[in-house]
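The structure appears below as structure tokens.
Just so you know, all these numbers are worked out from the coordinates, no wet-lab data involved. For clarity, every value in this text was computed on a predicted model and none was experimentally measured. With ideal geometry, Cβ positions are generated from the backbone for all residues, glycine too; neighbour counts draw on all protein chains shown.
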Amino acid sequence: MILQELKLYAVDTLAILSQRLSWRIQNLVPLFLTLVQPMFWLLLFSTTFGSVTRLPGFTGMGNYSAYALPGILAMLILFSGGFNGLANYYMRKSGIFKRIYISPVKRSAIISAHILDSVFLVWVQTFILIGLAYILGVRIQSGLFGLVLSLVVIFFAVAFVAGLSYAFSLKLPDEDSFIGLLNLGILPAYFISKALIPVDLMPKFFKIPVALNPFSHVIECIRTLFISGIDWSLGGTTLLIMFGLSILSFIMALGSLKGLTQAD
């Protein structure tokens, strides 16, 4: 019985996911638009702050591209995962959402397909950014296993952001209010983190919100994998935090979806 339910869940998820991926392949502009800014920042940081790693607090960090890359990947997660909820407004206006909603598919499968679509987008962008960073001299010190572990961390971080994005896209009435809320949340989540400078160089009052920001853990985990090697304690803690947050955002998204009526 359980296996049958899981099979139906997987079939529903893959059916909705294939529709979203088909649309994404035919519309590559959003992929490149969300990738342009992180690529620009990586190139800018590499050329402008190339000598900063000689300063106290950056010792042993290698070149600044290697230090900045995990923070820029966090930017990808926040912007690509967050703004992916905008597709819901198009789907609702075009009637696609209603056809899916009234079909006999599991509500949780709709959320899962949305999250997997976001993960696909971010993973593609991640490989492009890592390829660019390789040209700039960045090498992943933990090797292939470290890269795979980084992708797992990114998976749960995207799932957290995409779940929240989906929940809010069902609650907010239009794209303007949705974008306004995203900007209000994304920018502080990025800048109040370990994305740009070591925590030791931050003012004391700034260290508390940075430590409470879950993306500080994501950035630090990936940065350690890229620059130093595998830290099982840090990796395990980060995965546990992001897994818990992704489950929480999934429940929120599912609650928002079930709260809709067919008229919505």
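Numerical summary
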quantity: Pair list, Cβ < 7 Å and 6+ apart or interchain, from region 213-229 residues that are basic (Lys, Arg) to residues that are surrounded by 20 or more Cβ atoms within 10 Å (Cβ to Cβ) and part of a helix (DSSP H, G or I); calculated: Arg223/Tyr67; Arg223/Pro70
quantity: Helices (runs of 4 or more DSSP H) wholly inside region 140-238 containing at least 1 residues that are among the charged types (D, E, K, R) and closer than 15 Å to Ala74 by Cβ; calculated: 214-227
quantity: Flag if Phe205 is among the aromatic types (Phe, Trp, Tyr) and either buried (at least 20 other Cβ atoms within 10 Å of the Cβ) or under 21 Å from the mean Cα position of the chain (by Cα) (or both); calculated: no
quantity: Among (1) touching a residue at least 12 places away in the same chain (Cβ under 8 Å); (2) loosely packed, with under 15 Cβ neighbours inside 10 Å; (3) not β-branched (Val, Ile, Thr) - the single one Phe127 does not satisfy; calculated: (1)
quantity: Residue in region 139-197 that is nearest to Ile208 (Cα to Cα), counting only those that are among the polar types (S, T, N, Q) and either without any contact (Cβ under 8 Å) to a residue 24 or more places away in the chain or surrounded by 18 or more Cβ atoms within 10 Å (Cβ to Cβ) (or both); calculated: Ser193
